[in-house]
Amino acid sequence: MAPAHGLVWRKDPDRIISLYKYWATLATEPAGLGVTALYGTMYRNTERTLDDALQAIAEEGVPIEVFNVGLIDPSFILPSLWTKRGVLVASPTYERAMFPAMVRVLNFASIKGVRNKKAAYLGSYAWSGGAREVFEDYATKLNWEVVGTHQFTGSAKAEDSQKIRELSQQLALTSK
């Protein structure tokens with residue numbers, strides 16, 4: 001009897017069984033080497049600092065996949081979240097909370113149970129923060145080990161860039 005939905009797999013059933021076994025391990029076993037970098041930006045302040053973070057991760061020899069959450073649907077981001085050990089969330093504060101497109105991606109990660117990652121947060125704010133706290137709530141719910149966070153007012157200063165590089169290097173080292 002065929003299932004009520006989906007494809008009927010007629011050839012090479014061992015291949016699909018193997019894929020399903022692999023996909024099941026992603027929920028229970030450590031993911032592979034690498035960092036998924038998620039970023040959202042409104043005035044490009046957060047986006048500009050992302051370059052420092054990505055460079056620090058790359059210098060450690062850790063593969064990175066980068067996603068602009070404002071332009072890419074979460075369904076295209078989830079495979080990277082599942083298969084990489086590390087997650088970098090770079091998001092500005094928006095109305096004392098997190099950039100809405102980032103919240104959408106993190107909601108999908110929560111719904112799909114993307115757990116047990118190494119994670120870091122960086123982001124900008126104007127007069128009040130809020131995005132970091134939203135990130136920390138998601139990290140707690142998803143059992144993500146937060147290796148560090150850094151937020152800054154407006155454009156990043158030299159000392160912010162240095163802290164972001166250190167934070168990103170730490171994330172890379174724990175994502176190996």
* Counting pairs of alpha carbon atoms under 8 Å apart in space and at least six apart in sequence, what relative contact order in percent does region 32-174 give? -> 30 percent
* In degrees from 0 to 90, rounded to the nearest 10, what is the angle of the helix 158-174 Cα long axis to the longest principal axis of the chain? -> 30 degrees
* To do: Please report SER75, SER155, SER124 as a ranked list, fewest other C-beta atoms within 10 angstrom at the top and most at the bottom.
  => SER75, SER155, SER124
* **Above-threshold pairs, the threshold being 20 Å between Cα atoms, out of LYS141/LYS163; LYS84/LYS118; LYS117/LYS157; LYS11/LYS84; LYS21/LYS112** => LYS141/LYS163; LYS117/LYS157; LYS11/LYS84
* For every other residue with a beta carbon closer than 14 angstrom to the beta carbon of TYR39, add +1 if it is Lys or Arg and -1 if Asp or Glu, then tell me the sum. => -1
* For LEU71 and ARG44 in one chain, what is 0.36 nm times their gap in residues minus the Cα-Cα distance, to one decimal in nm? -> 8.3 nm
* Sparsely packed trypsin sites (Lys or Arg not before Pro) within region 1-87, loop by DSSP, other Cβ within 10 Å at most 14 -> ARG10, LYS11, ARG44
* To do: With a cut-off of at most 12 other beta carbons within 10 Å, and DSSP calling the residue loop, which chymotrypsin sites (Phe, Trp or Tyr not before Pro) in region 85-176 qualify? Please list them.
  => TRP127
* Please pull out the direction-averaged projected area of region 32-174, using the convex hull of its alpha-carbon atoms, in nm² to one decimal place. => 7.1 nm²
* Structure fact -> Amide H proximity to VAL87 below 5 Å, modelled H, separation 5+ or other chain, gives THR36, LYS118, ALA119, ALA120
* Structure fact -> Residue span GLU29 to ARG15: 0.36 nm per residue of separation minus Cα-Cα distance leaves a gain in nm of 3.0 nm
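Read-outs throughout are calculated quantities, based only on the coordinates presented, and are distinct from any laboratory measurement. A quick note: this is a predicted structure, and the numbers were derived from the prediction, not measured. Virtual Cβ from ideal backbone geometry, glycine too; neighbours counted across all protein chains shown.
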